[in-house]
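K.L.:
Mind having a look at this structure? Questions to follow.
The values are calculated or read from the model by the stated rules, or taken from the named source; none is laboratory data. Keep in mind that this is a model prediction, so the values were computed, not measured. Cβ coordinates were reconstructed from backbone atoms using ideal geometry, including for glycine residues, and neighbour counts include every protein chain displayed.
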Amino acid sequence: HFKPFVYTKNVETICPYCGVGCTINLKVMDNKITDVYSTEGNVNDNLLCVKGRFAHDFVSSEDRLTTPLIRKNGILEEASWDEAISLIAEKLKEAKADGPQAVAGLSSARCTNEDNYVFQKFMRVVGGTNNVDHCARLCHASTVAGLAQSFGSGAMTNSIEEIDIMDVMFVTGTNTTETHPVIGAKIKQRQQNGGALIVAEPRRIELAKYADVYLQIKPGTNVPLFNGMMRAILDAGLEDKAFIDKRTEGYEAFKEFMDTLTVEGCAEICGVDSEDIRKAAILFATKETGGIFYSMGVTQHKTGTDGVMSTANLAMLTGKIGREGCGVNPLRGQNNVQGACDMGALPGDLPGYQKTANPEVVEKFEKAWNAKIPDNLGKTVTEIIDGVGEEIIKFLYIMGENPVVSDPNTNHVRAALEKSNFLVVQDIFLTETTEFADVVLPAFVYAEKDGTFTNTERRIQLLRKAVEAPGISKNDWEIIGLIAKKMGVEGFDFTSDDEIMDEIASVTPSYAGVSLERLRNGDRIQWPCLSKDSEGARFLHAEKFTRGLGAFKIADYIPPEDQADEEYPLILMTGRILQHYHSRTMTMRTPGIQEIAGDAFVEINPMTAKAYGIEQGDFIKVTSPRGVVSAKARFNEGIMETNLFMPFHYGETGANYLTGGQLDPVAKIPPFKVVKAKICKEL
Ligand code: SF4
């Protein structure tokens, strides 16, 4: 009775989870992914984490959306594409009559470059608005804003493979082994092969075990940490004077500011020993090559842009930028968050970070798109949600995002969406956000698509369709094209991802040499790729910075808005864990993952727990000025007694009920890492 196990297909594509962008091979039988493996020669060198290897059951889940849905009498009912598209077009026309501020869209870092390009073009050309943004606003908006000011472009300056030649790695504000597991593994490998490692994190993360110096800084003290390290470097005369003279500007004013600081003063704010700051600084400055790696522990603060500019200051002060193995490396979160930014799904940026405020840029795009487009600065994610709640935004189109779980201050988001006039959600499952939708549109997942993702190291990588999509769902860009057509607008009648990428290349200088054909032929491309015979840049800023000279920027310490006080004596940090991705819509559909990480938890130091009479596994009620949630206690001796940690993935028990507060004034990123809180044992 033996039936041979025959795969009908073996398709190479890209992991749909994090920004590392691992290549995966999908084995397919009967239109189902039956196994996933990886091969050598890609960014991941045969490595995969638990998500990339196992979390693909969602593709063939019975919960997948298969048909459009329209809300009638409060209930989402099945509808035809014709009905859904007609209703959306009618409502968009109505909203547009109130002016461009009445229309907004949230694009998706989960979707392809091609989807994002078409989405932002739709919002600008058909919607007539720059109110288009996506969840990069919540993770690395401060990177885009900060590195653009310091260097002229906001992206990882090195390639992942350069980790192998770094003499020193400075990891801060990132729990890399959990959030970018393959990069975390490469950092560990490099450390085992002789690379020095500095880790600065409020939680004693796994990488701290391998570190030459570990600095357990207080949450929200990145800026004084960087300043303290730079002060120590100046005290030791270890600044790279030749690099500073030749490649930078603004140094004199910066140096004057630094002269007002002491290492001891900075160390006191950070809550660490000044000698450890000196040790870390001298280790970083004296090695020939070195890279800084950071993520949301640096960016998600009201001073996120200052933190990012401080990483750039440190790299320039030590001449560790613009050379092989030297650079500043923001680890981008989602699979295509880099690409969604590159494609102009941002309120002030057209594709390739060409500014809506520049009349020449606007004129160029009007010519290319044969349409009038707005030249103002649109609204950001949090401003869009506010605008819906204030009933200024009358039409909101959300593609592949779940802001009810991922945005700060869930109670506020829910109250705003409750008031929404008309909400379209395009997704692969019903989510917490579709509870508020008037129309839900079923879209393809990564395994049903061609197109491209751009990973954290600026590498544009090819997706290949492996399985057929369920029901009558459609590709994201195709759906957008149907709405544009119904609105009577031309320029959206694309028939393939190739055509869309060709249009992207024609208007985006950093993608000018990119085509899907080149990628199919095996070319490996990292932007900026200025011509068809270029593979782009392995590292950035070699001869000069994108802005010409690198700019030293003064960043003084500004305390976080939330400070522990009598009523709220603890500080909660939020973050991600290895097994889950974002609001879990994909990862929670793999039973094995649910078994090991099915429930929300609150990490607490055992001493703190003892003081509150809390045992491991007890439910803890956590209250902040914005909300209250309850989750199981998980002891962690590596967290300070004054701190708590919660992952944000879990809908009803999600940490974002507790977050919110003052935005970074430049990047408009919310503070997710410093939340004052009180706890009690849930009885
Ligand atoms: Fe996927 Fe990131 Fe894991 Fe690689 S490291 S397999 S890209 S989730």
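K.L.:
Would you please list the contacts, defined by Cβ atoms under 8 Å and residues six or more apart or on different chains, that run from a residue in segment 517-530 that is closer than 15 Å to Asp502 by Cβ and surrounded by 15 or more Cβ atoms within 10 Å (Cβ to Cβ) to a residue that is modelled with pLDDT under 95 and among the acidic types (Asp, Glu)?
P.N.:
Listed by first residue and then by second, the contacts come to Ile525/Glu535; Cys529/Glu535.
K.L.:
Another one. Return the residue satisfying two criteria in turn: it lies in segment 174-215 and is among the charged types (D, E, K, R) and in a loop (DSSP other than H, G, I, E, B), and of such residues it is surrounded by the most Cβ atoms within 10 Å (Cβ to Cβ). Full working, then the answer.
P.N.:
Pass one, segment 174-215, residues among the charged types (D, E, K, R): 178, 186, 188, 190, 201, 203-204, 206, 209, 212.
Retained after the next criterion (residues that are in a loop (DSSP other than H, G, I, E, B)): 201, 203-204, 212.
Details: Glu201: 23, Arg203: 19, Arg204: 17, Asp212: 15.
Among those residues, the one meeting the criterion is Glu201.
K.L.:
Still on this structure: Please go through (1) touching a Ser or Thr at 6+ places or on another chain (Cβ under 7 Å); (2) surrounded by fewer than 24 Cβ atoms within 10 Å (Cβ to Cβ); (3) not acidic (Asp, Glu) for Thr659 and return the number of the only condition it doesn't satisfy.
P.N.:
With respect to (1) touching a Ser or Thr at 6+ places or on another chain (Cβ under 7 Å); (2) surrounded by fewer than 24 Cβ atoms within 10 Å (Cβ to Cβ); (3) not acidic (Asp, Glu), Thr659 is out only on (2).
K.L.:
In addition: Conditions: (1) outside any strand (DSSP E or B); (2) in contact with a Pro (Cβ under 9 Å, 6 or more places away or on another chain). Phe645 meets all but one. Number of the miss?
P.N.:
For Phe645, the failing item is (1).
K.L.:
Also: Identify the residue in segment 159-196 that is farther than 25 Å from Pro16 by Cα and small (Gly, Ala, Ser) and, among all such residues, is nearest to the ligand (Cβ to nearest atom).
P.N.:
Restricting to residues being farther than 25 Å from Pro16 by Cα and small (Gly, Ala, Ser), the top hit is Gly195.
K.L.:
Moving to a separate point now. Does Gly638 satisfy the condition of being in contact (Cβ under 8 Å) with a residue 24 or more places away in the chain and over 25 Å from Glu201 (Cα atoms)?
P.N.:
No; evaluated as a whole, the condition is false for this residue.
K.L.:
While we're on this one: Suppose the filter is in a helix (DSSP H, G or I), touching an Asp or Glu at 6+ places or on another chain (Cβ under 8 Å) and either away from the ligand (no atom under 16 Å from the Cβ) or assigned by TED's automatic domain parsing to the domain that holds Val36 (or both); does Ile500 pass it? Steps first, answer last, please.
P.N.:
Details: in a helix (DSSP H, G or I): yes; touching an Asp or Glu at 6+ places or on another chain (Cβ under 8 Å): yes; either away from the ligand (no atom under 16 Å from the Cβ) or assigned by TED's automatic domain parsing to the domain that holds Val36 (or both): yes.
Yes; evaluated as a whole, the condition is true for this residue.
K.L.:
Kindly evaluate Arg190 against the criterion of being farther than 21 Å from Asp276 by Cα, over 19 Å from the mean Cα position of the chain (by Cα) and among the basic types (Lys, Arg). Steps first, answer last, please.
P.N.:
Numbers: farther than 21 Å from Asp276 by Cα: yes; over 19 Å from the mean Cα position of the chain (by Cα): yes; among the basic types (Lys, Arg): yes.
Taking the combined requirement at face value, the residue satisfies it.
K.L.:
Conditions first: (1) touching a Leu at 6+ places or on another chain (Cβ under 6 Å); (2) part of a loop (DSSP other than H, G, I, E, B); (3) not aromatic (Phe, Trp, Tyr). Thr585 passes all but one, so which condition is the exception?
P.N.:
(1)
K.L.:
Now a separate question. Is one or more of the residues making up segment 112-131 over 24 Å from Ala368 (Cβ atoms), assigned to a loop (DSSP other than H, G, I, E, B) and either more than 24 Å from the chain's Cα centre (by Cα) or of a type in the set (D, E, K, R) (or both)? Please lay out each step first, then the result.
P.N.:
Residues of segment 112-131 that are over 24 Å from Ala368 (Cβ atoms), as a first pass: none.
No, the conditions are met nowhere in segment 112-131.
K.L.:
Taking segment 400-442, which residues are more than 18 Å from the chain's Cα centre (by Cα) and at positive phi?
P.N.:
Asn409
K.L.:
Something else: Identify all residues within segment 202-228 that are closer than 18 Å to Met640 by Cα and of a type in the set (Asp, Glu); write none if there are none.
P.N.:
Taking segment 202-228 and keeping what is closer than 18 Å to Met640 by Cα, we get 202-209, 213-222, 225.
Glu206 - this is the single residue of segment 202-228 that is closer than 18 Å to Met640 by Cα and of a type in the set (Asp, Glu).
K.L.:
Applying the selection to segment 425-468, what residues are in a loop (DSSP other than H, G, I, E, B) and either without any contact (Cβ under 8 Å) to a residue 60 or more places away in the chain or assigned by TED's automatic domain parsing to the domain that holds Gly41 (or both)? Before the answer, list the steps.
P.N.:
Step one: filter segment 425-468 for residues in a loop (DSSP other than H, G, I, E, B), giving 428-433, 437-438, 444-445, 449-450, 455-458, 464-468.
Answer for segment 425-468, where residues must be in a loop (DSSP other than H, G, I, E, B) and either without any contact (Cβ under 8 Å) to a residue 60 or more places away in the chain or assigned by TED's automatic domain parsing to the domain that holds Gly41 (or both): Thr433, Phe444.
K.L.:
Right, Glu383: over 30 Å from Gly297 (Cα atoms) and either acidic (Asp, Glu) or at pLDDT 95 or above (or both) or not? Step through it out loud before you land on a result.
P.N.:
Details: over 30 Å from Gly297 (Cα atoms): no; either acidic (Asp, Glu) or at pLDDT 95 or above (or both): yes.
Considered against the rule, which asks whether it is over 30 Å from Gly297 (Cα atoms) and either acidic (Asp, Glu) or at pLDDT 95 or above (or both), Glu383 comes out as no.
K.L.:
Here's another thing I want to ask about it. Could you pull out every one of the strands (runs of 3 or more DSSP E) wholly within segment 1-81 that has 1 or more residues that are buried (at least 18 other Cβ atoms within 10 Å of the Cβ), under 21 Å from the mean Cα position of the chain (by Cα) and within 12 Å of the ligand (Cβ to nearest atom)? Talk me through it step by step, then tell me what you get.
P.N.:
Numbers: elements: 9-14, 23-29, 32-37, 69-72, 75-78.
Answer list for segment 1-81: 9-14, 23-29.
K.L.:
Search segment 10-39 for residues that are farther than 13 Å from Val445 by Cβ and basic (Lys, Arg) and pair each with any residue that is within 13 Å of the ligand (Cβ to nearest atom) and not in a loop (DSSP other than H, G, I, E, B) when their beta-carbon atoms are under 8 Å apart and the residues are at least 6 apart or on different chains.
P.N.:
Lys27/Val36; Lys27/Tyr37
K.L.:
Tell me yes or no: at least one residue of segment 252-261 is basic (Lys, Arg) and closer than 27 Å to Gly195 by Cβ. Full working, then the answer.
P.N.:
Within segment 252-261, the subset basic (Lys, Arg) is 255.
Among the residues that remain, those that are also closer than 27 Å to Gly195 by Cβ are: none.
For segment 252-261, residues basic (Lys, Arg) and closer than 27 Å to Gly195 by Cβ: absent.
K.L.:
Next up: Just to verify a result, which residue in segment 93-142, among those that are of a type in the set (Lys, Arg) and under 22 Å from Gln300 (Cα atoms), is modelled with the highest pLDDT? Write out each step before concluding.
P.N.:
Of the residues in segment 93-142, the ones of a type in the set (Lys, Arg) are 93, 96, 110, 121, 124, 137.
Then drop every residue that is not under 22 Å from Gln300 (Cα atoms), which leaves 110, 137.
Numbers: Arg110: 94, Arg137: 85.
Only one residue tops the list, namely Arg110.
K.L.:
Name the pairs: first residue in segment 45-73 and closer than 19 Å to Ser583 by Cα and of a type in the set (Val, Ile, Thr), second residue within 16 Å of the ligand (Cβ to nearest atom) and in a loop (DSSP other than H, G, I, E, B), Cβ to Cβ under 8 Å, at least 6 apart or on different chains?
P.N.:
Sorted first by the residue in segment 45-73, then by its partner, the pairs are Val50/Leu578; Val50/Gln579; Val59/Val445.
K.L.:
Of everything in segment 582-612, what is touching a residue at least 40 places away in the same chain (Cβ under 8 Å), within 15 Å of Thr653 (Cα to Cα) and surrounded by fewer than 19 Cβ atoms within 10 Å (Cβ to Cβ)? Give them in sequence order.
P.N.:
If the condition is that a residue be touching a residue at least 40 places away in the same chain (Cβ under 8 Å), within 15 Å of Thr653 (Cα to Cα) and surrounded by fewer than 19 Cβ atoms within 10 Å (Cβ to Cβ), then Asp599 is the only one that fits.
K.L.:
OK, next. Which residues, taken from segment 248-277, are touching a residue at least 60 places away in the same chain (Cβ under 8 Å) and of a type in the set (Ser, Thr, Tyr)?
P.N.:
Thr248, Tyr251
K.L.:
Now, a different point. Condition check: of a type in the set (A, V, I, L, M) and under 22 Å from Val424 (Cα atoms). Does Leu47 satisfy that?
P.N.:
Working: of a type in the set (A, V, I, L, M): yes; under 22 Å from Val424 (Cα atoms): no.
Criteria not met by Leu47.
K.L.:
Let me ask another. Working only within segment 610-639, note down all residues that are part of a loop (DSSP other than H, G, I, E, B) and either out of contact with any helix residue (DSSP H, G or I) (no Cβ under 9 Å at 6 or more places or on another chain) or under 15 Å from His412 (Cα atoms) (or both).
P.N.:
Going through segment 610-639, the residues part of a loop (DSSP other than H, G, I, E, B) turn out to be 612-618, 625-626, 636-639.
Correct list: Tyr612, Gly613, Gly617, Pro625, Arg626.
K.L.:
Among the helices (runs of 4 or more DSSP H) lying completely within segment 286-400, list those that include at least 1 residues that are within 16 Å of the ligand (Cβ to nearest atom) and either of a type in the set (Lys, Arg) or touching a His at 6+ places or on another chain (Cβ under 9 Å) (or both).
P.N.:
Working: elements: 296-299, 304-317, 337-342, 359-369, 381-389.
By residue number, 296-299, 337-342.
K.L.:
Go through Ala280, Ala312, Ala285 for me and flag whichever is in contact (Cβ under 8 Å) with a residue 40 or more places away in the chain and in contact with a Gly (Cβ under 8 Å, 6 or more places away or on another chain).
P.N.:
Working: Ala280 fails: in contact with a Gly (Cβ under 8 Å, 6 or more places away or on another chain); Ala285 fails: in contact with a Gly (Cβ under 8 Å, 6 or more places away or on another chain).
Of Ala280, Ala312, Ala285, the one residue that is in contact (Cβ under 8 Å) with a residue 40 or more places away in the chain and in contact with a Gly (Cβ under 8 Å, 6 or more places away or on another chain) is Ala312.
K.L.:
Additional query: Consider segment 504-526. How many of its residues are of a type outside the set (A, V, I, L, M) and more than 17 Å from Asp349 (Cα to Cα)? Break it down into steps so the answer makes sense when it comes.
P.N.:
Filtering segment 504-526 down to residues of a type outside the set (A, V, I, L, M) leaves 506, 508-511, 513, 515, 517-518, 520-524, 526.
With more than 17 Å from Asp349 (Cα to Cα) added as a condition, the list becomes 513, 515, 517-518, 520-524, 526.
Of the residues in that region, 10 qualify.
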